[in-house]
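Have a look at the structure below before the remarks.
Read the figures in this text as sums done on the coordinates, not as results from a lab. Because the structure is predicted, anything quoted here is derived from the model rather than measured. Virtual Cβ from ideal backbone geometry, glycine too; neighbours counted across all protein chains shown.
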Amino acid sequence: AQSVTQLGSHVSVSEGALVLLRCNYSSSVPPYLFWYVQYPNQGLQLLLKYTSAATLVKGINGFEAEFKKSETSFHLTKPSAHMSDAAEYFCAVGSGGYNKLIFGAGTRLAVHP
Amino acid sequence: DAGVIQSPRHEVTEMGQEVTLRCKPISGHNSLFWYRQTMMRGLELLIYFNNNVPIDDSGMPEDRFSAKMPNASFSTLKIQPSEPRDSAVYFCASSPGTETQYFGPGTRLLVL
């Protein structure tokens with residue numbers, strides 16, 4: 001069965017600092033992996049997804065994630081945080097059937113001046 | 001493309017009343033998902049449909065909750081009778097069969 005663990009429910013960084021949000025997954029089949037972002041009072045938006053084409057995946061707003069099979073990780077990074085990046089971020093793994101996704105608990109990112 | 005459309009965006013009702021949430025998926029998508037989000041429990045999958053057929057409703061919390069998808073362009077989630085603990089944001093999402101889900105803006109439900 002698939003599962004996702006996001007390490008750290010809250011992360012705080014300074015504007016301009018590196019953003020690193022951690023995600024580890026468990027999957028019995030080659031996984032599809034996703035990062036979604038949720039801004040206040042909005043639905044979830046797709047940031048990026050991994051579908052086995054390339055291990056380094058680039059997404060919107062300068063975010064990227066690297067798939068590391070040996071570490072079963074799919075951490076999200078951004079070199080320089082912007083105030084507008086403050087949001088909740090969800091990692092998800094495809095469960096292999098009917099397009100169902102298993103979501104992590106989310107990480108709330110705060111960016112301070 | 002209009003994206004996933006949900007209505008109403010906000011709903012305030014009294015305990016015991018029936019509540020109906022509506023969702024119009026993106027045209028051409030064959031999977032539809034209903035989620036509930038609360039501070040305490042995070043994002044929970046309630047039920048999902050594939051080609052209008054319910055596949056898994058194991059996330060539906062109680063018999064008070066029911067969902068239908070009468071056609072490919074419309075789904076409802078009904079709570080009858082509603083209780084204060086049902087207060088949450090309810091999201092609908094659809095997928096074209098690529099495992100990517102596209103979320104609607106959500107319905108914020110408050111049951112007094």
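Quick look at the numbers
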read-out	value
Summed residue charge, Cβ within 11 Å of B:PRO61's Cβ, Lys/Arg positive, Asp/Glu negative	-2
Length added when fully stretched, B:SER27-B:LEU110, from 0.36 nm per residue minus Cα-Cα	26.9 nm
Label-zone membership for region A:73-113, site A:LEU18, 7 angstrom Cα→C-beta point, backbone N under 15 Å	A:75-81
Anisotropy class of chain A from Cα gyration tensor, a/c 1.5 cut	prolate
Principal axis dimensions, chain B - Cα atoms, whole angstrom, descending	38, 26, 26
Karplus-derived 3J(HN,Hα), 6.51/-1.76/1.60, for each residue of region A:74-83, Hz, glycine and proline x	8, 6, 9, 9, 8, x, 9, 6, 10, 3
Length gained when the stretch A:ALA110-A:LEU56 is fully extended (0.36 nm per residue, less Cα-Cα span)	17.0 nm
GluC sites (Glu not before Pro) lying in DSSP loop within region A:1-103, provided at most 15 other Cβ fall within 10 Å	A:GLU15, A:GLU71
DSSP beta bridges in chain A [antiparallel fraction, %, rounded to 5]	90 percent
Mean separation of Cα contacts under 8 Å, 6 or more apart, over the residue count of region B:53-97: relative contact order %	26 percent
The protein assembly as shown pair-distance distribution - Cα-Cα, 5 Å bins, rounded %	1, 7, 14, 18, 18, 16, 12, 7, 4, 1, 0
Anisotropy class of region B:45-111 from Cα gyration tensor, a/c 1.5 cut	prolate
